[in-house]
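Enquirer: Sharing a structure with you now.
The values are calculated or read from the model by the stated rules, or taken from the named source; none is laboratory data. No experiment lies behind these values; they were computed from the predicted model shown. Cβ placement follows ideal geometry from the backbone for every residue including glycine, while neighbour counts extend to all protein chains displayed.
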Amino acid sequence: MTYSRVFALTILFLALQTSTADVSGNWIARIPRGDGTSRDTYFNLKQEAGRITGTIRTTQFLYKIVESTGGAEGFTIVASMMDGQNPRRVTYEGKLAGDELRLGTRARPEAPLTELVARRAPAGEGAYPTRLPLPALHKVADNGLARTPPMGWNSWNKFAGRVDDAAVRGIADAMAANGMKDAGYVYVNIDDTWEGQSRDANGNMTTNSKFPDMKALADYVHSKGLKIGIYSSPGPNTCAGYEGSHGHEAQDAKTYAAWGIDYLKYDWCGARNLYTDDEMPAVYQKMGDALLEAGRPILYSLCQYGRNDVWKWGADVGGNAWRTTGDIRDTWDSMTRIGFSQDPLAPWAKPGHWNDPDMLEIGNGGMSDDEYRTHMSLWSMLAAPLLAGNDLRSMSGPTLAILTNREVIAIDQDRDGVQGRRVAKSGDHEVWARPLAGGAHAVALFNRGAAAAPITLTWADAGLKSAPAKARDLWAHADVAVNGPTYTATVPSHGVVMLRVAP
């Protein structure tokens, strides 16, 4: 056989190999997290007739491939969220290289390429679980908790996925020693990323290496005179892609009780791929019932970002608090957009059941002290949960003073539980008022403008028939003189003057 004939046959063989290469199958790209778990992305692909179809599962998201170009030697696939409500899309570029898929994706068009290597996985591995039947709706009995808005700390705003056993112990130590516990902060809440990758042989929830012994950690927090909270999701995965409670609600509630957990934040996340917003009440009711049967009082906090008017049904499914918004950020724009939008929700707040505009950002560095005083004042006028989100072990004196202002906290914790309302607005100036137990009122003058300015309060707007007998400035910690039908104070830019007035 001549050299030229051998060469031609070789080229033909390679061409045939290329043309028959196929990316069809189940592929997994696994990125270790460092806590004994991994972030897994599954590509369930089918290649035929010059087209690639299938699904992509990443953390709590499930996508359907809607566009593709190319084949095994080089392809691009575009996938769209399958929940029918989120317009989010992802794009992957890739090629088959031996027994691997070499892939790249960008978080944004201008972002650098993130490279992944996927290897074949057994058929069916990583498939999204099927939806389970939902119970008929009924009213879950009140658990008797949270007669005033819960107060404590949550790990997410400062630590996100970096939270671990040592940090939680350190926060408990700080809270017990720095005056926060004495001011009313009692819950030490662990947000997402404490969970294991999967369950044990009996289906019990496991922890990852960051939390080697959750029962021991709970015992430690309790030894400080505090309570401990935890996080899960009604979906098969949490927001960060860890194990969720789907199909294990009763089992997980009993596990939490056995560990000594006092508070559960329950985040919608992965459930969006199985259930619609209209089905939220039934989904959340399952855990509400489970917590009541678990044998330990556990405060139930719903986190589904205010969808489906949760304030109208949150109490009926056992909720003690329900998020009314998306996630807060440590910026003036985010805090004010969330906080000042809560006025219409006031009728649904009451002892044991609270509107939750998300956790406090006070002390995380994105706002000034005046802005943080506005944050604390507004949340207290709203009868909102006060869950600090900063590092309590190293905060500044001014931050501690803001978080532990007992006169402001007393407004938030008023036993009547009536949420404050906006009673006057003029441009960037707003006046909010809140009736308190015993006939007193709280009044807050907010300046959302760029310069200090006088703001005038009319007592009639605040619900008083005449000038009060006594007024106290809760940030100056001093009584102020009042007379006549109005009161005027100069309020700093992005600041607040907050009064408690007696009839």
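Enquirer: Here are 87, 135: which of them is under 30 Å from residue 278 (Cβ atoms), surrounded by fewer than 17 Cβ atoms within 10 Å (Cβ to Cβ) and touching a helix residue (DSSP H, G or I) at 6+ places or on another chain (Cβ under 8 Å)?
Expert: From the options 87, 135, the qualifying one is 135.
Enquirer: Looking at the structure I just gave you, is residue 118 in contact with a Ser or Thr (Cβ under 7 Å, 6 or more places away or on another chain) and either farther than 25 Å from residue 233 by Cβ or among the β-branched types (Val, Ile, Thr) (or both)?
Expert: Answer is no for this residue.
Enquirer: Here is a follow-up. Report yes if residue 345 is among the hydrophobic types (A, V, I, L, M, F, W, C), outside any loop (DSSP other than H, G, I, E, B) and touching a Ser or Thr at 6+ places or on another chain (Cβ under 9 Å), otherwise no.
Expert: Yes: the conditions hold for residue 345.
Enquirer: Then there's this: Among the residues of the range 316-333, write down those that are crowded, with 22+ Cβ neighbours inside 10 Å and farther than 30 Å from residue 450 by Cα.
Expert: 317, 318, 319, 320, 321, 322 - these are the residues of the range 316-333 that are crowded, with 22+ Cβ neighbours inside 10 Å and farther than 30 Å from residue 450 by Cα.
Enquirer: Residues that are at pLDDT 90 or above and more than 35 Å from the chain's Cα centre (by Cα): find the strands (runs of 3 or more DSSP E) completely inside the range 1-74 holding 3 or more of those.
Expert: In the range 1-74, 38-48, 61-71 are the strands (runs of 3 or more DSSP E) which contain 3 or more residues that are at pLDDT 90 or above and more than 35 Å from the chain's Cα centre (by Cα).
Enquirer: Considering each residue of the range 350-362, count those that are within 19 Å of residue 498 (Cβ to Cβ) and either among the polar types (S, T, N, Q) or over 14 Å from the mean Cα position of the chain (by Cα) (or both), and give that number.
Expert: Looking only at that region, the number is 1.
Enquirer: Working carefully through the options 325, 374, 336, find the one that is closer than 22 Å to residue 499 by Cβ, within 18 Å of the chain's Cα centre (by Cα) and either in the same structural domain as residue 441 (by TED's automatic domain parsing) or of a type in the set (Ser, Thr, Tyr) (or both).
Expert: Only one candidate qualifies: 336.
Enquirer: Do you know which of the residues in the range 450-475 that are outside any loop (DSSP other than H, G, I, E, B) and in contact with a His (Cβ under 8 Å, 6 or more places away or on another chain) is farthest from residue 440 (Cα to Cα)?
Expert: 453
Enquirer: Continuing with the same structure: Residue check: is residue 400 among the aliphatic types (A, V, I, L, M), at pLDDT 95 or above and closer than 30 Å to residue 143 by Cβ?
Expert: no
Enquirer: Let me ask something else about it. Determine, yes or no, whether residue 471 is surrounded by 12 or more Cβ atoms within 10 Å (Cβ to Cβ) and either acidic (Asp, Glu) or touching a residue at least 40 places away in the same chain (Cβ under 8 Å) (or both).
Expert: Spelling it out, it is not the case that residue 471 is surrounded by 12 or more Cβ atoms within 10 Å (Cβ to Cβ) and either acidic (Asp, Glu) or touching a residue at least 40 places away in the same chain (Cβ under 8 Å) (or both).
Enquirer: Look through 320, 273, 364 and report the one residue that is at pLDDT below 95 and not assigned by TED's automatic domain parsing to the domain that holds residue 436.
Expert: 273
To keep it simple, each residue is scored yes or no on (1) among the acidic types (Asp, Glu); (2) surrounded by fewer than 19 Cβ atoms within 10 Å (Cβ to Cβ); (3) free of Cβ contacts under 8 Å to residues at least 60 places away in the same chain; (4) part of a loop (DSSP other than H, G, I, E, B).
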residue	(1), (2), (3), (4)
211	no, no, yes, yes
218	no, no, yes, no
240	no, no, no, yes
256	no, no, yes, no
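Enquirer: Next up: Within the range 100-122, count every residue that is at pLDDT 95 or above and small (Gly, Ala, Ser).
Expert: Residues in the range 100-122 being at pLDDT 95 or above and small (Gly, Ala, Ser): 3 in total.
Rundown of residues vs (1) without any contact (Cβ under 8 Å) to a residue 12 or more places away in the chain; (2) among the small types (Gly, Ala, Ser); (3) out of contact with any Ser or Thr (no Cβ under 9 Å at 6 or more places or on another chain); (4) closer than 23 Å to residue 382 by Cβ, yes/no style:
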residue: 150; (1), (2), (3), (4): no, no, no, yes
residue: 157; (1), (2), (3), (4): no, no, yes, yes
residue: 160; (1), (2), (3), (4): no, yes, no, no
residue: 174; (1), (2), (3), (4): no, yes, no, no
